[in-house]
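Structure record follows, encoded as structure tokens.
The values are calculated or read from the model by the stated rules, or taken from the named source; none is laboratory data. Just so you know, these numbers come straight off a predicted model, no measurement behind them. A quick note on method: Cβ atoms are made from the backbone with ideal geometry, for glycine too, and the neighbour counts reach across all protein chains shown. Note: accessible area is taken over every heavy atom of the protein model, side chains too, but ligands, DNA and RNA are not part of it. Shrake-Rupley method; radii C 1.70, N 1.55, O 1.52, S 1.80 Å.
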Amino acid sequence: MKVSVVKNILAANDRIAQENRAIFDENNLLVFNLMSSPGAGKTSLLEKTILALKDHLKIGVIEGDIQSSQDAERIAETGAPVVQINTGGACHLDGNMIRDTFHEFDFDALDLLVVENVGNLVCPAEFKVGEDFKVMILSVTEGEDKPAKYPLMFHESKALLISKIDLLPYVDCSVERIREEALKVNPDLVIFEISCKTGEGLDAWCDWLKEEIKAKA
């Protein structure tokens, strides 16, 4: 008899993710799962987003990394509540890992919870954690071929942030080509062009987030 181990693992995770989502919904808490390859700028984006919205929204963060607490320490400096998960080698976060952090948060005091997933362009797209939607970051330094090479990430995401656009004069990359290829995979993808260094595009991103939170509430 053939046993589909991968299918069983995903099914078990989906069940836990649904339970997580029910808890988030009970608390009117918007949750998004932030994904990218290592170094694309997830933590920098969160730092800028938290500081820009601190007078409007209460934001909590779950940090996922294979090792270290460096990203959580950076987020803590913004004043946002943050919990670090070290996977010890796993290339993604799953529903059970997220569930284990719940006792660290007062969900009634939060408007938004962000799960910063492990840097990886494959596995995080396959595992739900209870989020309302996924968001991914692609830096211009990674090239314009990524939507074709890693389509699931783009297909599963609601929004795409094309980051580090301040480096465009120094890299061989076409933002228009990224847009074109990403929209082939997911025509409904909301796309932002941002630079955490110059601040370009961050207002539009933050305004969109506020609208998403308002829509859920």
Query - Subset of region 61-105 (residues that are farther than 20 Å from Gly41 by Cβ, touching a residue at least 24 places away in the same chain (Cβ under 8 Å) and not polar (S, T, N, Q)) - result: Gly79, Pro81, Ala90, Asp94, Gly95, Met97, Ile98, Arg99, Phe102, Phe105
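Considering only residues that are aromatic (Phe, Trp, Tyr) and open to solvent by 30 Å² or more (accessible area, probe 1.4 Å), look in region 166-217 and name the one that is nearest to Met153 (Cα to Cα). Let's see the steps before the verdict.
Here is the first cut: in region 166-217, the residues aromatic (Phe, Trp, Tyr) are 170, 192, 205, 208.
Subset that is open to solvent by 30 Å² or more (accessible area, probe 1.4 Å): 170, 208.
Details: Tyr170: 26, Trp208: 20 Å.
The qualifying residue nearest to Met153 (Cα to Cα) is Trp208.
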Report task. Scan region 30-45 and give yes if some residue there is hydrophobic (A, V, I, L, M, F, W, C) and either modelled with pLDDT under 95 or more than 28 Å from Tyr150 (Cα to Cα) (or both), otherwise no. Result -> no
Query raised in the report: Taking region 69-104 on its own, how many of its residues are at pLDDT 95 or above, of a type in the set (Gly, Ala, Ser) and open to solvent by less than 50 Å² (accessible area, probe 1.4 Å)?
Result: 3
Query - Pairs, first over 15 Å from Asn28 (Cα atoms) in region 190-217, second charged (D, E, K, R), C-beta under 6 Å, six or more apart - result: Ile191/Arg179; Ser195/Asp166; Cys196/Lys48; Lys197/Asp166; Thr198/Asp166; Gly201/Glu193; Leu202/Lys48
Report task. Would you check which residues across region 41-57 are over 17 Å from the mean Cα position of the chain (by Cα) and within 15 Å of Leu161 (Cβ to Cβ) and list them? Result -> Ala52
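When you check Ile162 against the structure, is it under 30 Å from Leu110 (Cα atoms), among the β-branched types (Val, Ile, Thr) and crowded, with 17+ Cβ neighbours inside 10 Å, yes or no? Write out each step before concluding.
Numbers: under 30 Å from Leu110 (Cα atoms): yes; among the β-branched types (Val, Ile, Thr): yes; crowded, with 17+ Cβ neighbours inside 10 Å: yes.
Yes.
Can you tell me how many residues in region 117-138 are of a type in the set (Val, Ile, Thr) and surrounded by fewer than 19 Cβ atoms within 10 Å (Cβ to Cβ)?
Step one: of region 117-138, the residues of a type in the set (Val, Ile, Thr) are 118, 122, 129, 135, 137.
Next, only the ones that are surrounded by fewer than 19 Cβ atoms within 10 Å (Cβ to Cβ) stay: 122.
Residues flagged as of a type in the set (Val, Ile, Thr) and surrounded by fewer than 19 Cβ atoms within 10 Å (Cβ to Cβ) within region 117-138 amount to 1.
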Report task. Answer yes if at least one residue in region 105-116 is in contact with a Ser or Thr (Cβ under 7 Å, 6 or more places away or on another chain), open to solvent by less than 20 Å² (accessible area, probe 1.4 Å), on the phi < 0 side of the Ramachandran plot and of a type outside the set (S, T, N, Q), and no otherwise. Result -> yes
**Report entry** Positions within region 49-68 being within 25 Å of Tyr150 (Cβ to Cβ), modelled with pLDDT of 95 or more and open to solvent by 40 Å² or more (accessible area, probe 1.4 Å), in sequence order
**Finding:** none
Report summary line: Requiring at least 1 residues that are basic (Lys, Arg) and touching a Cys at 6+ places or on another chain (Cβ under 8 Å), the helices (runs of 4 or more DSSP H) wholly within region 1-110 are 42-53
Query - Conditions (1) touching a Lys or Arg at 6+ places or on another chain (Cβ under 6 Å); (2) closer than 20 Å to Ile194 by Cβ; (3) not charged (D, E, K, R); number of the one not met by Val114 - result: (1)
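Within region 28-44, is even one residue without any contact (Cβ under 8 Å) to a residue 40 or more places away in the chain and surrounded by fewer than 19 Cβ atoms within 10 Å (Cβ to Cβ)? Steps first, please.
Keep residues of region 28-44 that are without any contact (Cβ under 8 Å) to a residue 40 or more places away in the chain, which gives none.
Among the residues of region 28-44, not one is without any contact (Cβ under 8 Å) to a residue 40 or more places away in the chain and surrounded by fewer than 19 Cβ atoms within 10 Å (Cβ to Cβ), which makes the answer no.
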Query raised in the report: Can you name the condition, by its number, that Glu142 falls short on among (1) under 24 Å from Asp25 (Cβ atoms); (2) among the charged types (D, E, K, R); (3) open to solvent by less than 60 Å² (accessible area, probe 1.4 Å)?
Result: (1)
